[in-house]
Amino acid sequence: MEIEKITSIIPEAEISQTGETVVKVPAEKLHQIAETLLNDKENPMDFLRDIVGMDWGEEGLGALYLLESTRTGARIILKAVTTDREKALLPTVSDLWKTALIKEREVYDFFGICFLNHPDMRRIFLREDWIGYPMRKDYDMNSNPLRLDNEENADITDEYFLRPDGTLEGRKNVVFGEDDFVVNIGPQHPSTHGVLRMRTSLDGENIRKIDPILGYIHRGIEKMNESLTYPQTLALTDRLDYLSAHQNRHALCMCIEKAAGIEVPERAQYIRTIMDELQRIDSHLLFYSCLVMDMGGLTPFFYGFREREMILDIFEETTGGRLIQNYNMIGGVQADIHPTFQQKVKDFIKHLRSVIQDYHDIFTSNVIADTRLKGVGVLSKEDAISLGCTGGTGRASGWANDVRKHHPYALYDKVDFKEIVYTEGDSFARYMVRMDEIMESCHIIEQLIDNIPEGEFRAKTKPIIKLPEGVFTSSVETSRGEFDVILESHGDKVPYRLHYRSTGLPLVHAMDTVCRGAKIADLIAIGGTLDFVIPDIDR
């Protein structure tokens, strides 16, 4: 968004342009300003991409709010700070964007910032009896010895608001009442696609409410990044969404390259784009296999794994990895493609085109699949945007949100491909988006595979990289949706803060909206079509 436009809407803003343009607003006016931006007639900021908790030391605690207009693609970053570290308060924006309900809980969990008028100020990743806030710079690492006792989940939560005299008042909200019949779905993998637990209240066979419990495999990756040099941080991206490993690492490399002013050779751009699309096909084939198996079909599971193994063989020859991919490096890729890479990719695509109809014959047109997926788990376009459900889930609801189209990177502005959009918003539409995207990824690769230019596959970089001060971001379209890297540098060789936008966190949060009123028997199939991967959420 243009500076003139920002200052006309927010006259009291302090604007920093070291890196991305960051607009600092008074904490007490955050909600008012956010509402103004949401209702702006030219650029309505209706998509809250992320809320990034921050500890700025003496400046105070606060958050960065990444906003985007789905109408124009305009973006803006708001910064709100509170100087009171003992009683850190910010106003909630959860009444404006539904995704803030879970994103603000994440910030509270790790930074201890309480959001006024938020209806559910519980921790979301850590135990409810955890001591302290581990993402603060002054956190005592010895404050929580290893605990092996069972955690009790509270059914009562707190909501805080300010009285007119400025004092704080709290009230209790009920998560589940004594009369609610609550069952646990998960955390057994693979039924919940990772160690996810959903406390689910039922009325007979109908779902009344879902309360997700996260953090079973939380590894503290963002905290670890603060003590790693920039080349070292790359090693952790593959452990996020491991079915988007190439794409995750691509995003982090792009962010660092952008900040450091490193120009990536054209050959590397071609290779990165091809690898990203092979990764997308790999992920969507696994999506198909697991969804069908979740619904009781075993034969199609082997179909998907048969073709996926061919991709993993191609990966392994060039990158050395099958599931975990550590191929992208700052400035390009770590090694040139294998001599047989191009021919094997072309052979694979030819083979996939010849067998894809078998996938549809055995499942897509199956009466059981149609009955269990069509009209089930409907997500409206408005809810998809408000909840931040990007990727195939949002596109199945009519929201064109493909980062490759709307904010092109690598070679996506030089290839022809369709953005797959359905409007039904049901489980079947979410399934079809991914099946159609397999063919579009094949089409993208076909345009590139014979045109990879000669030249270097990696630009020369220093072993120790120092980035200039500022906030830097990058966005990519992973297999599950928009993945953002938000990096704040203070001019050192390690990041001051390095945050990843989880593609899966909004999808798990959406389960409550999508499943309410549905049958308990439909829950696993609905979750399968949302296609979340838990390590991406439990960063």
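Here, region 1-132 has an Rg and a Dmax of 14.6, 47 Å when only alpha carbons are counted. Packing-based ranking of 431-442, 526-537 yields 526-537, 431-442, ordered from highest to lowest mean Cβ neighbour count within 10 Å. Ordering Ala410, Thr393, Val376 by Cα displacement along the dipole of region 342-421 toward the positive end leaves Ala410 in first place; charges were set at the Cβ atoms of Lys, Arg (+1) and Asp, Glu (-1).
May I ask for the Kirkwood hydrodynamic radius of the chain, worked out over all distinct Cα pairs and given in angstroms to one decimal?
Values: mean 1/r = 0.0415 Å⁻¹.
One over the average 1/r among Cα pairs gives 24.1 Å for the chain.
A dipole drawn for region 450-539 from +1 and -1 charges on Cβ atoms has a positive end, and of Ala525, Leu467, Ile452 the residue lying farthest that way is Leu467. Over the Cα atoms of region 455-539, the radius of gyration divided by the Kirkwood radius equals 1.18; this is the Rg/Rh ratio. The phi torsions of region 406-420, fed into the Karplus equation with coefficients 6.51, -1.76 and 1.60 and a -60° offset, translate into couplings of 8, 9, x, 9, 6, 10, 6, 8, 10, 10, 9, 7, 8, 8, 6 Hz, rounded to whole numbers, with Gly and Pro shown as x. Kirkwood radius for region 59-164, taken over all pairs of different Cα atoms as the inverse mean of 1/r, rounds to 15.4 Å. Here the dipole of the chain is about 660 debye; that uses its Cα centre as origin and unit charges on the Cβ of Lys and Arg (positive) and Asp and Glu (negative). Using the Cα gyration tensor of region 85-237, with a ≥ b ≥ c the square roots of its eigenvalues, what is the shape: rounded (a/c below 1.5), prolate (a/b larger than b/c) or oblate (neither)? Oblate shape, in that a/c is at least 1.5 and b/c is the bigger or equal ratio.
Give the shape of region 386-539 as rounded, prolate or oblate, defined through the alpha-carbon gyration tensor: a ≥ b ≥ c are the square roots of its eigenvalues, a/c under 1.5 means rounded, and otherwise the shape is prolate if a/b is larger than b/c and oblate if not. It is oblate, given that a/c is not under 1.5 and a/b is not larger than b/c. Placing unit charges on each Cβ (+1 for Lys and Arg, -1 for Asp and Glu) gives region 110-171 a dipole about its Cα centre, and among Pro119, Tyr139, Asn150 the Cα reaching farthest toward its positive end belongs to Tyr139.
Dividing the mean sequence gap of close Cα pairs (under 8 Å, 6+ apart) by how many residues region 52-179 holds gives a relative contact order of 17 percent. Taking all Cα pairs closer than 8 Å and separated by 6 or more residues, the relative contact order of the chain comes to 17 percent.
Averaged over its residues, the chain has an accessible area of 39 Å² per residue, based on protein heavy atoms and a 1.4 Å probe. Under the convention that each Lys and Arg Cβ holds +1 and each Asp and Glu Cβ holds -1, the size of the dipole of region 404-539 around its Cα centre is about 540 debye. Helical runs assigned H by DSSP (4 residues or longer) give the chain a calculated mean residue ellipticity at 222 nm of -11000 deg cm²/dmol, each run adding -39500 (n - 2.57) before division by the residue total. Here region 156-218 and region 475-511 have alpha carbon centers that stand 25 Å from each other. Sort region 314-440 into rounded, prolate or oblate with this rule: let a ≥ b ≥ c be the square roots of the eigenvalues of the Cα gyration tensor; rounded if a/c is under 1.5, and if a/c is not under 1.5, prolate when a/b is larger than b/c, oblate otherwise. Taking the square roots of the gyration eigenvalues as a ≥ b ≥ c, region 314-440 is oblate.
Scanning residues 5 or more positions from Arg49 or on other chains, those with amide H under 5 Å from its amide H are Leu66, Leu67, Glu68, with H placed 1.01 Å from N in the peptide plane. Using θ = phi - 60° in the Karplus curve 6.51 cos²θ - 1.76 cosθ + 1.60, the 3J(HN,Hα) couplings for region 24-36 round to 7, 10, x, 4, 5, 9, 4, 5, 4, 5, 4, 5, 4 Hz; x is entered for Gly and Pro.
Our summary gives region 81-138 a relative contact order of 31 percent, counting only alpha carbon pairs under 8 angstrom and 6 or more residues apart.
Karplus-derived 3J(HN,Hα) values for region 77-85, using 6.51 cos²θ - 1.76 cosθ + 1.60 with θ = phi - 60°, are 10, 9, 10, 10, 10, 10, 7, 8, 6 Hz; glycine and proline are entered as x.
Assuming charge only on the beta carbon of Lys and Arg (+1) and of Asp and Glu (-1), the dipole of region 1-74 about its Cα centre is about 240 debye to the nearest 20.
Normalised by 2.2 N^0.38 Å, where N counts its residues, the alpha-carbon radius of gyration of region 179-276 equals 1.58.
The values are calculated or read from the model by the stated rules, or taken from the named source; none is laboratory data. Quantities reported herein were computed from a predicted structural model and do not represent experimental measurements. Quick reminder, even Gly has a Cβ in these numbers, built from the backbone with ideal geometry, and neighbours come from all protein chains shown. Note: accessible area is taken over every heavy atom of the protein model, side chains too, but ligands, DNA and RNA are not part of it. Shrake-Rupley method; radii C 1.70, N 1.55, O 1.52, S 1.80 Å.
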